[in-house]
Amino acid sequence: MKITQSAKEKTKIKILQSAVDLIIEKGFDNASLREMAKNAGVSNPTIYNYFPSKEKLLYAYIEQKHKEAIASLQEIEDFQTYTLREQLQTLIETELELYLEDREFIIQIADMVFHASGLKMGKLYETNALFIETVDEMLSIAIEAEEIAEPPFREHMPKLFWDYYIMVVAYWVKDDSEMFENTTQLLDHSLGLAEAVLHSDMLSKASDLGMFFFKTHMLNSLQKFATKKESFSKIKRKLGEVLHG
Amino acid sequence: MDNALPTGKLSRGKVVGKALLKIGAKKTKRFVTNGDKTQNHEAIADIIFDALGELKGVSVKIAQQVALGMPFLPPAYLEKISKSFNAIPSINKALVRKIIKTELGLYPQDAFESFEMTAFAAASLGQVHLATKDGKQLAVKVQYPGIKKSIESDMSLIHFGMKRFAKGQNVDHIIGEIEERLYEEVDYVLEAKNCAFFRENIDNKNIIIPKVYPALSSEKVLTTSFLEGLNFDSYMASNPTQEEKDNYAQLIFDTFFYALYTLKHIHADPNPGNFLFLENGKLGLIDFGCVKRVEDDFLTQYNQLHLNLLEEDDDQSIIKQYVTLGMIEEQTEEEMLTFYREIIKPLDTLYKEPLVGECYDFKVNNDFSKRGFEMIFEVQQKQFHSVHKLNEQFLFINRTLLGYYALFEKMGAKIETGYVKNLMKEYR
Ligand SMILES: Nc1ncnc2c1ncn2[C@@H]1O[C@H](COP(=O)(O)OP(=O)(O)OP(=O)(O)O)[C@@H](O)[C@H]1O
């Protein structure tokens, strides 16, 4: 029997959702693929066929959310009238919005990525192709439309933005403010700053230095975050310094 | 660059700290040089409000409330405060989309039939968007996220700053009042309730109050029917006739007293931005963020006092009434008389001036607010050791009225007092 692409996609989403639910209920370590299969109403071989390991399932989840987020952006009628900053901000906000119902699950993943040895940060990069492609496209359009001048390190920008995105998610995971409005503010202000930098000629004047600092700060923060639990507040502070001078 | 609202305790603390440091330095300098007071006030006002500009958000509202709550503030501050009205955080399209989704559960394109992502008007804590639903035009007011939580830290700066200029007077109760008011103002649910209340109860075909759409509103989003009209400045620029202006002033004046005496509620924010001038002499009333309820007992005393003031009763009997109202503290007769004559009397003389005759022409008396400011300035220069806690409801009514008078003066309008005096007499 031939299975159509869309049927396949449907099964995948069904498995993912039951996996997320089970992981929220039992924790990542105690949730078995077998039980996920049962809850999703598929056979054992089927689930292994889709996801050879629980880790693969995680990555698929992240990719799936990228897909959904991008689909959601495509529904915005006048999205092309958004500024680059608005487009990027919408992309992240939409992803966070999608994560919201699975927040408990995301918290577990974040914990594994940043604190435990299990998942490697680098692995996450394998899931970002769609995200980076999208950002790259937004950037190209903005440059082409002469909304911004071609920034130095143009080719690194999308990856840098991915780093930034991971950091925002990490912040969101720890955010205990009402409706996560701290994250919304962080996003709004930091992107406002980035926008200002892109619009000024600061980058071309002090490009190497500026970019070096920006990237170093980001990476340092992430590094620290990955190794020590308590360092989170430090990152926040650091970020504050970077963003507010 | 877009001067975003600083996040987090730390950066906010930095900005606040910077402002405090600068005040300290100015203070010292004044001691040394004994320089011109007005100039110093101006410089300090500049520093405070520059810092507030950086904190933005709720600060605009605070500034507004301070202006209302502290009639004795030096004019330099008031000026600076009114300037800061322009410092409105803008909400970009990404954020608008996010806020609507968080607050209403749906993205704008799904919650409404159409939704203009670019705002058509600024609000003090956000902005207003045009939308449609079921063929109706709607005004959707959207609040910037995180404002509520910034009230506390912003208020501590204000508290610090104001204590220095209160000359030993206790400002805690005023600060407390302002804070309470702010929490009310950031809550659009409350505003929606007040708006609906006025819409239901103001029975005047020339007053148009928007309809609230509760299903499309929340604490941070307020959806009402859109009123098509001119704001104050555009209206004035459209060269209205004298008769038209007089009619509008009369309508505003009468409606204020009608609400006070009949509904026992006042719309206590005399900002001209809260009026829309519609077709055929109709007036749109918007922004019910600052509505004050008045109690029966208080109103009876307030009314009696003002009737007596208009009847030119002697100071002694007037003072008694002020004591009952909690505007003058019980002291020796002589002390009370001095306080009354020095502080309160200049104010009540000013308040009642337009009410004395059958009509009052602000075009002729076009120095009304100038005299008012000078008088308030003079009063605040006087040192009184005792702390007089002023009656809050009293202050709200009279400061709102003063605001309206200033507006009528700008319009160069004439008002008739017959209807209002009749309301007062009937209430007795
Ligand atoms: N229903 C409406 N119809 C038409 N315009 C409206 C409506 N509601 C608000 N506006 C416009 O938006 C502006 C700001 O609205 P509003 O006064 O309610 O905000 P606010 O935050 O309470 O501001 P402030 O307290 O500074 O007056 C108004 O001055 C008006 O121009």
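A few notes on this one:
- Pairwise FRET efficiency - residue B:349 versus residue B:238, Cβ, R0 = 41 Å, nearest 0.05: 0.70
- For residue B:419, the shell of other residues with beta-carbons less than 15 Å away shows a net charge of -3, using +1 for Lys and Arg and -1 for Asp and Glu.
- Among the GluC sites (Glu not before Pro) within the range A:44-138, those in coil by DSSP and having at most 13 neighbouring Cβ atoms inside 10 Å are A:75, A:77, A:101.
- Highest average packing first - B:259-272, A:178-191, Cβ atoms within 10 Å: A:178-191, B:259-272
- The residues A:36, B:236, sorted by heavy-atom accessible surface at 1.4 Å with ligands and nucleic acids left out, run B:236, A:36 from largest to smallest.
- The chymotrypsin sites (Phe, Trp or Tyr not before Pro) of the range B:84-145 that DSSP puts in a loop, and whose beta carbon has at most 15 other beta carbons within 10 Å, are B:120.
- Residue B:427 accessible area, 1.4 Å probe, all protein chains in place, Å² to nearest 10: 60 Å²
- Principal semi-axes of the equivalent ellipsoid, √(5λ) from the alpha carbon gyration tensor of the range A:54-200, are 26, 17, 15 Å from largest down.
- Shielding of B:90-103 by partner chains, average beta-carbon count, 10 Å: 6
- At q = 0.07, 0.10, 0.18 Å⁻¹, base-10 log of I(q)/I(0) for the range B:228-428 (Debye sum, equal scatterers on each alpha carbon): -0.22, -0.45, -1.36
- Lysine pairs in the range A:1-52 with Cα atoms under 15 Å, if 8 or more residues apart or on separate chains: 4
- Residue-normalised accessible area of the range A:1-122, given per residue in Å² at a 1.4 Å probe: 51 Å²
- Computed FRET value (nearest 0.05) for residue A:53 with residue B:113, which takes r as the C-beta separation and R₀ as 35 Å: 0.15
- Proximal charge balance of residue B:245 [Cβ under 13 Å; K/R count +1, D/E count -1]: -2
- Modelled spin-label separation between residue A:38 and residue B:106, with each label point placed 7 Å from Cα along the Cα-to-Cβ direction: 4.0 nm.
- Full-stretch length increase - residue A:178, residue A:79 - with 0.36 nm per residue and alpha-carbon distance subtracted: 32.8 nm
- The residues neighbouring residue A:31, those whose beta-carbon lies less than 15 Å from its own, together hold a net charge of -3 under the Lys/Arg +1, Asp/Glu -1 convention.
The values are calculated or read from the model by the stated rules, or taken from the named source; none is laboratory data. Since we're looking at a predicted model, the values are computed, not measured. Note that we place each Cβ from the backbone using ideal geometry, even for glycine, and neighbour counts take in every protein chain shown. Note: accessible area is taken over every heavy atom of the protein model, side chains too, but ligands, DNA and RNA are not part of it. Shrake-Rupley method; radii C 1.70, N 1.55, O 1.52, S 1.80 Å.
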